[in-house]
Amino acid sequence: MQFDWMVQCYPGVGVHRDAPLLETLDRETTMAGVDAAEAAGLEGLWAPDHFMLGPKHQEYEVWTLLSALAERTDDMELGPLVGSVTYRNPALLAKMATTVDILSEGNLRVGLGAGWHDEEHRAYDFDYPEIETRIEMLEETIRVLKAMFTEAEPTFQGEHYQIENAYNEPKPVQDPYPPIVVGGAGPTLLRVAARHADEWNVEISGRARGPPIEYKVEKFDEYLEAEGRDPDDVERSWLAHVLVREDEGELQRLCDEIFPLPWGEEDDIDEQLSNAEEAREKGDFLIGTPAEVTEQIESIRDLGFGKLQLMFLDFPDTHGIELFGDEVRPELQ
């Protein structure tokens, strides 16, 4: 399996499940996490595409961050997980992605999704159409990207986007283009992923909301076959929270500090995860000793997922990253 770090680039202390112990955002802390992830043998770095998550509304812009990470690391994969198609014109996005692919010497993966944070859209004056329209925009965005990545004089006429001779030179390093990662698990979005994705990503609540994940995996395979694609040719990745400690007492101390923890965003912020056991059952939380976390990951691997993007609940402490690299990752290679 491959293990990556989902860069925790917004403070969530006491309020947000993605970084519940991170109090503030600064360059030194972020880069220390990046260095620890690389030293631990993690193979990729991902970052969310938002502007104001968490209680302090501190957050990096994702593509600017990825450019810095391309220079910080040697050969780690990089990408947004996932980029909202509502935030950028797809022709501009293609140019940005091409630049990061070149700067990283061919390590970019382009994560895309339909977007969801309505409050953020209002604050930044971005249109926020209904989900059906956003999924149409997602599909057209992918088609625009592929045209600009591969065509000499890219032209596209769609319902939502049009380009004409939108030169994108130089081209990306990767041939024919950086892999496209589509995140989400709704039925319409799964069909888009089946048509276009090189990798399908299950977001945080993939196990907790809607039909069981086993059903979604089965439907995705059906959609791939309907598109004439071999299911084995599309990678599967899973975004998860992890807390690992060798000592049971230290693990319990951290759990007592982290929980109770709100589950969800603004629409369900009052719903609480009261303890580690509930977190494991409710969502994608991998909590325990190295052996216990390894066993939990094996159940994900058995569903066909070969990659995990991890958020370490103890960050900015990097001990969890280091222990995962030393004790968990080798057991699953």
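The values are calculated or read from the model by the stated rules, or taken from the named source; none is laboratory data. Note that the structure is a prediction, hence the values are computed from the model and not measured. Glycine gets a Cβ as well: all are built from the backbone with ideal geometry, and neighbour counts include every protein chain shown. Areas reflect the complete protein model, heavy atoms only, side chains present, ligands, DNA and RNA absent. Shrake-Rupley method; radii C 1.70, N 1.55, O 1.52, S 1.80 Å.
May I ask you to list the residues in segment 307-333 that are modelled with pLDDT of 95 or more and open to solvent by 40 Å² or more (accessible area, probe 1.4 Å)? Walk me through how you get there before you give the answer.
At the first step, the residues of segment 307-333 found to be modelled with pLDDT of 95 or more are 307-332.
If the condition is that a residue be modelled with pLDDT of 95 or more and open to solvent by 40 Å² or more (accessible area, probe 1.4 Å), then 316, 317, 319, 322, 326, 327, 329, 330, 331 are the ones that fit.
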- Item | Residue selected from segment 199-221 under the condition modelled with pLDDT of 95 or more and not in a helix (DSSP H, G or I), by the criterion surrounded by the most Cβ atoms within 10 Å (Cβ to Cβ) | 201
- Among the residues of segment 60-74, the number that are of a type outside the set (Phe, Trp, Tyr), modelled with pLDDT of 95 or more and in a loop (DSSP other than H, G, I, E, B) is 2
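Find the residue count for segment 114-138, including only residues that are of a type in the set (A, V, I, L, M), touching a helix residue (DSSP H, G or I) at 6+ places or on another chain (Cβ under 9 Å) and either exposed (fewer than 15 other Cβ atoms within 10 Å of the Cβ) or assigned to a helix (DSSP H, G or I) (or both). Show your work before the answer.
Within segment 114-138, the first condition is being of a type in the set (A, V, I, L, M), and the residues that meet it are 114, 123, 131, 135, 137-138.
Now drop any that are not touching a helix residue (DSSP H, G or I) at 6+ places or on another chain (Cβ under 9 Å), which leaves 114, 131, 135, 137-138.
Subset that is either exposed (fewer than 15 other Cβ atoms within 10 Å of the Cβ) or assigned to a helix (DSSP H, G or I) (or both): 131, 135, 137-138.
Total satisfying the criteria: 4.
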- Task: Specify which of the listed residues (250, 235, 257) is open to solvent by 20 Å² or more (accessible area, probe 1.4 Å), under 27 Å from residue 276 (Cα atoms) and in contact with a Pro (Cβ under 9 Å, 6 or more places away or on another chain).
- Result: 257
- Task: Specify the residue that is surrounded by the most Cβ atoms within 10 Å (Cβ to Cβ); the eligible residues are those in segment 269-302 that are out of contact with any strand residue (DSSP E or B) (no Cβ under 8 Å at 6 or more places or on another chain) and closer than 19 Å to residue 203 by Cβ.
- Result: 301
- Note on the structure: Per the filter on segment 1-28, residues over 20 Å from the mean Cα position of the chain (by Cα) and over 22 Å from residue 274 (Cβ atoms) are 23, 24, 26, 27, 28
- Among (1) closer than 19 Å to residue 139 by Cα; (2) open to solvent by 20 Å² or more (accessible area, probe 1.4 Å), where does residue 79 come up short? (2)
